[in-house]
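The next block holds one structure in the form of structure tokens; read it before the comments.
The values are calculated or read from the model by the stated rules, or taken from the named source; none is laboratory data. Only a predicted model underlies this, so the values are computations on that prediction, with no experimental measurement involved. Cβ: placed from backbone, ideal geometry, glycine included. Neighbour counts: every protein chain shown.
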Amino acid sequence: MTQKVHAVRIHEHGGPEVLRWEEVEVGDPGPGEVLLKHTAVGLNFIEIYQRNGLYKIPLPTILGQEGAGVIEAVGSGVTGFKIGDRVAYAGTSGGAYSEKRLFPADRLVKIPDGISDETAAAALLGGMTTRYLLRETYVVKPGDTVLFHAAVGGVGLIATQWLKALGATVIGTVSTKEKAEIAKQNGCNHVLLYSDGDIAAKVREITGGKGVPVVYDSVGKDTWEASINSLAPRGIMVSFGNASGPAPALEPLLLSQKGSLYLTRPTLGHYVSTPEALQANAAELFGIIASGKVKVHIGQRFALKDVAKAQEALASRMTVGSTVLLP
């Protein structure tokens with residue numbers, strides 16, 4: 001039996017105006033699926049890339065990478081989940097901008113008691129991204145000095161707190177003095193403004209000329225050169241986003257000239273490709289949130305139907321922390 005619900009769909013690539021609040025039909029869950037009623041949906045920059053066409057996706061489609069909600073129905077063959085369970089997911093190919101949806105049960109995680117649906121929706125994608133960045137892409141050690149761009153974004157605020165908990169010295173970059181204060185309150189030992197000039201020179205000054213062993217860069221074009229020039233010999237450049245536009249093409253010889261550097265462009269899907277990896281990643285994230293060492297900052301809330309306004313705020317760097325959409 002199908003039911004009618006509302007969702008935000010795009011039929012063509014373009015600006016925020018292409019986001020349409022429409023009625024769609026949702027059927028009963030098939031084998032291995034559940035019917036999920038969203039209580040909160042996370043907002044992420046990748047959805048802007050998909051909307052504007054930087055990342056090509058089939059159209060029409062419902063955007064949205066992460067959400068939290070309550071299971072309303074369970075399909076055949078589903079184990080470990082039941083009607084009424086609070087669950088969350090992240091890193092999907094879309095579909096979260098909806099009141100209800102069908103979802104494969106083996107890509108869900110249960111939300112622990114003591115963690116709200118809004119916190120789960122705000123933190124799961126950014127938090128699991130943080131977890132693989134700091135614990136797998138480059139294993140941060142006590143005493144490491146790390147450069148983390150966009151330090152008060154959804155990922156940044158989680159990452160800087162987690163880095164502090166790991167015993168790292170954190171150099172964060174932000175766009176305003178107001179954000180600099182927030183960064184300092186959330187784990188950054190040093191905060192640099194993009195407008196202050198030569199970021200790499202300041203990183204070298206902080207590190208006594210050595211540079212840092214790792215740079216985490218989700219900004220892209222605007223910070224690319226500073227990131228490369230901030231690295232110590234054999235350092236690793238972790239490019240995991242391009243909020244300011246795609247990073248420039250790179251000649252491999254440059255990595256040699258700059259100190260036998262490493263470059264990686266990771267994505268969450270490759271780190272949670274199995275149900276076991278997904279559950280382990282989410283468990284470590286929820287654990288550090290429950291410990292109080294990482295606090296999830298929800299800076300903005302919008303109605304789901306007003307997601308165009310939310311995306312505009314995110315793109316213009318007017319947001320702090322995570323943004324939650326409420327169906």
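What residue, among those in region 1-18 that are exposed (fewer than 15 other Cβ atoms within 10 Å of the Cβ) and charged (D, E, K, R), is farthest from residue 315 (Cα to Cα)? By that ranking, first place goes to 4.
Contact map, region 27-48: first residue free of Cβ contacts under 8 Å to residues at least 40 places away in the same chain, second residue of a type in the set (Lys, Arg) and crowded, with 19+ Cβ neighbours inside 10 Å, Cβ cut-off under 9 Å, separation 6 or more or different chains; the map is empty.
Quick check: anything in region 242-252 over 21 Å from the mean Cα position of the chain (by Cα) and surrounded by 15 or more Cβ atoms within 10 Å (Cβ to Cβ)? No: region 242-252 contains no residue that is over 21 Å from the mean Cα position of the chain (by Cα) and surrounded by 15 or more Cβ atoms within 10 Å (Cβ to Cβ).
For region 43-54, does any single residue satisfy the condition of being in contact with a Pro (Cβ under 6 Å, 6 or more places away or on another chain) and of a type in the set (A, V, I, L, M, F, W, C)? Taking every residue of region 43-54 in turn, none turns out to be in contact with a Pro (Cβ under 6 Å, 6 or more places away or on another chain) and of a type in the set (A, V, I, L, M, F, W, C). I'd like to check something: does region 196-217 contain any residue that is crowded, with 18+ Cβ neighbours inside 10 Å and modelled with pLDDT under 95? Checking region 196-217: not a single residue is crowded, with 18+ Cβ neighbours inside 10 Å and modelled with pLDDT under 95. Selection of region 229-249 for residues being touching a Lys or Arg at 6+ places or on another chain (Cβ under 6 Å) and modelled with pLDDT of 95 or more yields 232, 239. Sort out which residues of region 288-305 are surrounded by fewer than 16 Cβ atoms within 10 Å (Cβ to Cβ) and part of a helix (DSSP H, G or I), and write them in order of number. Passing the criteria: only 290.
Please specify each residue of region 1-36 satisfying the condition of being within 12 Å of residue 74 (Cα to Cα) and part of a strand (DSSP E or B). Listed by number, the residues that qualify are 33, 34, 35, 36.
Among the residues of region 101-114, those that are in contact with a helix residue (DSSP H, G or I) (Cβ under 6 Å, 6 or more places away or on another chain) and either part of a strand (DSSP E or B) or closer than 13 Å to residue 40 by Cβ (or both) comprise 109, 111. Contact annotation: residue pairs with Cβ atoms under 6 Å, 6 or more positions apart or on different chains, pairing a residue in region 2-15 that is under 21 Å from residue 51 (Cα atoms) with a partner that is among the small types (Gly, Ala, Ser), are 7/98; 13/53. Any chance region 151-163 includes a residue that's in a loop (DSSP other than H, G, I, E, B), within 27 Å of residue 293 (Cα to Cα) and free of Cβ contacts under 8 Å to residues at least 60 places away in the same chain? Yes.
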